[in-house]
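Below is one structure, written out as structure tokens; the observations come after it.
Every read-out reported here was derived from the displayed coordinates using simple, explicitly stated rules and does not represent laboratory data. In this text the structure is predicted, and so the values were computed from the model without any measurement. Neighbour counts are summed over all protein chains in view; Cβ atoms, including those assigned to glycine, are modelled from backbone coordinates with ideal geometry.
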Amino acid sequence: MHLMLRVQQDDPVAYELLIQTYQMRLIRFLQNLVGSESSAEDLAQDVFLRVWRARKGYQPTAKFATWLFHIAHNVASNAVRDRKRRKEYQVANPDPNQSAVLSIEQMAVASTGAMPIRKLDKAERADMVRLAVESLNDRQREAMLLSKFEGLCYQEIADTMELTVQAVKSLLSRARVNLKVLLEPYLDYGQLPGTQLPGTQSPSTQSPEASAELPKEQE
Amino acid sequence: MNSEFDDEALVAYLDGELDAEQTQKIDQQIATHPDLRDRIKQLRMTWDLLEELPVDPPSPRFAETTLEMAALSSAAEQKSGLRLLFSNFTRIVIVAIPLLFLAGFVVSRINQSRIERQLLRDLPILVDWRSLSNIDSLEWLEVLVSEPGLVPAFNDVELGLVGDGAVPIPLNGRREWVKKLDAADRGRLSVNLREFQQREPSRQSELRKIVESIYSDPATKQTYLAAARSYELLLQKQSMTQRSSLFDLPLENRKSELLHLISSYMAEQFAKKIPTADATAIESWAENMQLKYTIVHGHYDALKDVNMDLHANLAGCEIKMADFEDLASRMSPEARNILHGLNSTEAYVDTLVYWIRALTYPNEASGERISTEKLKELYMKLSGSQQDQVDLLQPEQAKSSLRKLSKPRAVLQTTES
């Protein structure tokens, strides 16, 4: 907040520091909402410009991050709506060849325990987590990002997304349970559907609880 | 599954969003219900796994371009505000021009990141970093400039200059200049900037003052830079201990040490190509010495004495200090000037001995060494009578004569010949 108060006084150095402080977080947030790195950078730039233009009206009553991510929420929502309107919106990474390891369908099958699995390396794990996050709906994903990476409390997330606290609670609960269903087979074993290490048995086949259904969109 | 708590409650519990009473209930249940503990553990581990979510860093110019856009946005806002305020065209022009200048200034100011701004501001220091980092005060630089022997003597060694070393004065020009640098120069610039930043703030500001003074007068700028660069080259020839002891000296003592270093260097250069007049002076002096000490000792070979015994040890030689002074007086003003700059009697004698040896063994002085095989080869090329003459010489003199034969110019005749 201290930085933003300096920005309010037209201090360009403070503004530069503010950008450097939040650029990575903002780009990650937008990238996971709109799905493209270059678009995310453009949108992040738009967010920072809006901060600059709105600096005089900034009220230091709430956490600065809440204000910043509220702006980002609006920018991202507009971007997603425009894309849908232009019918250009695609699920991020629609090309199955782009995914180094597996598709969300494969993950869903894996969660039923019907596929053998193998050990994942770091890049594969990252890819798997990305796919699981992409499988959440927009609002679950946004609430998850604000809670997990920005450390906002439910009230702050509610302010950012213009929802009630109860709605946020529900969104985060479903997001976490859905992720758990998809990622559960790999939590203990770091395994990937499709193959099985020689002499090993799929952990999923050993656990009846793992046979959960593929999470459905609940909104 | 424990039915008392739904997923929403457990997630809120993990997020620290439950009130104290509910939290305590779950805490108690966890202790007694392993299935509840497992559910919570799975939910937490799922959340932890999100740390693996890949993050792409922003492009390197992200902050810079955002600042540029903000600056342009501000300029546009100012202009649109003016339109509302003034309807008279002339008044718009009168007010808009300085405002546009101001906007341009703002744009150019926030255009550069802080690091880039520092790099451009301190570019003259960073480009000449190796040279200027040796200059601890403007006063010392003045001493270097006033030392005529310094500048022309050293211009042939690597200086570590970035680019061509010719930094433009306007900041915009500097930016363009930096853009044109190749990768190696940019890397060097970056290393120099880091080293500069590691210096004490007081030292940094002292260097800025020095450079400001150098660049304030275009007419003398090159002279000052050349002096600093030559000084760096001179220092490169010294050991680390010599360098640091030089830096520790008070200005006056450092000045005489500097003179000594220059003279030593020049003596070295002088030995590589001794002028004919000086070579003749040395030969004539050697003959005198021979005459003088032959009277005392019978046969006396002054050059042999110098070469074999006196080198760095005057006490072991017949030739006395007065004899060396006599030799110096016979030499050219250039040679005497070099000798004059040396700061000790030992260095004075050493230098004269060095020159005598350079004449006796020219290959040695020029850094070359002739092997015994090569000497034999030279000997075999001589005519029979020449070989007879060489056979009569002492071994050292024979070698000296053969060495001279390997050079086109044999400046010194042996005493026997």
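What shape does segment A:2-72 have by the C-alpha gyration tensor, where a ≥ b ≥ c are the square roots of the eigenvalues, rounded means a/c under 1.5, and otherwise prolate means a/b greater than b/c and oblate the rest?
Prolate, because a/c is 1.5 or more and a/b exceeds b/c.
What is the calculated FRET efficiency for B:Lys179 to A:Ser36, with r their C-beta to C-beta distance and R₀ = 35 Å, to the nearest 0.05?
0.70
Across 5 Å bins from the origin, how do the percents of Cα pairs in segment B:154-292 run, short distances first?
Cα pair-distance distribution for segment B:154-292, in percent: 2, 7, 10, 15, 18, 14, 9, 8, 5, 3, 3, 3, 2, 1, 0.
Within a 10 angstrom radius of the beta carbon, how do B:Met380, A:Met144 rank from fewest other beta carbons to most?
B:Met380, A:Met144
What list do you get for B:Ile169, B:Ile26 if you sort them by fewest beta carbons within 10 Å?
So the ranking, lowest neighbour count to highest, is B:Ile169, B:Ile26.
Residues of B:55-63, mean number of Cβ from any other protein chain within 10 Å of their own Cβ, rounded to a whole number?
Taking the mean over all residues of the peptide, I get 6.
Taking the beta-carbon count within 10 Å as an exposure proxy, list B:Leu258, B:Leu50, A:Leu172 from fewest neighbours to most.
B:Leu50, B:Leu258, A:Leu172
Gain in length, B:Arg37 to B:Glu346, computed as 0.36 nm per residue apart minus the alpha-carbon separation, to one decimal in nm?
Working it through step by step, the gained length comes to 102.4 nm.
Compute the length gained on full extension between B:Leu72 and B:Ala277: take 0.36 nm times their separation in residues and subtract their Cα-Cα distance, giving the result in nm to one decimal.
Here the answer is 66.4 nm.
For segment B:217-231, just list the computed ³J(HN,Hα) in residue order, Karplus coefficients 6.51, -1.76 and 1.60, θ = phi - 60°, integers in Hz, with x standing in for Gly and Pro.
Here the 3J(HN,Hα) series is 10, x, 5, 10, 3, 4, 4, 5, 5, 5, 5, 5, 5, 5, 4 Hz.
For the pair B:Glu206/A:Thr164, report the inter-label distance in nm, with labels modelled 7 Å from Cα in the Cβ direction.
It works out to 7.1 nm between the two label points.
Rounded, prolate or oblate: pick one for segment B:9-49, where a ≥ b ≥ c are the square roots of the eigenvalues of its C-alpha gyration tensor, a/c under 1.5 means rounded, and failing that, prolate if a/b is larger than b/c, else oblate.
Oblate shape, in that a/c is at least 1.5 and b/c is the bigger or equal ratio.
Spin-label point model (7 Å from Cα, Cβ direction): what's the A:Gln155 to B:Ser146 distance in nm?
Modelled inter-label distance: 7.4 nm.
What nm value, rounded to one decimal, do you get for the distance between B:Asp391 and A:Ala123 when each label is placed 7 Å out toward the C-beta?
Label-label distance for B:Asp391 and A:Ala123, simple model: 8.2 nm.
Spelling out what I want: for every residue of segment A:154-168, take phi, set θ = phi - 60°, compute 6.51 cos²θ - 1.76 cosθ + 1.60 (Karplus), and round to whole Hz; glycine and proline get x.
4, 4, 5, 5, 4, 5, 5, 9, 6, 10, 7, 5, 4, 5, 5
Determine, from the Cβ-Cβ distance of B:Asp19 and B:Gln118 and an R0 of 60 Å, the FRET efficiency 1/(1 + (r/R0)^6), rounded to the nearest 0.05.
My answer for the efficiency is 0.70.
Would you please give the FRET efficiency between B:Gln242 and B:Val55, computed as 1/(1 + (r/R0)^6) with r the Cβ-Cβ distance and R0 = 51 Å, to the nearest 0.05?
With R0 = 51 Å, the Cβ-Cβ based efficiency is 0.45.
For a quick check: with amide H placed at 1.01 Å from N, whose amide H comes under 5 Å from A:Phe149's, ignoring anything fewer than 5 positions away on the same chain?
none
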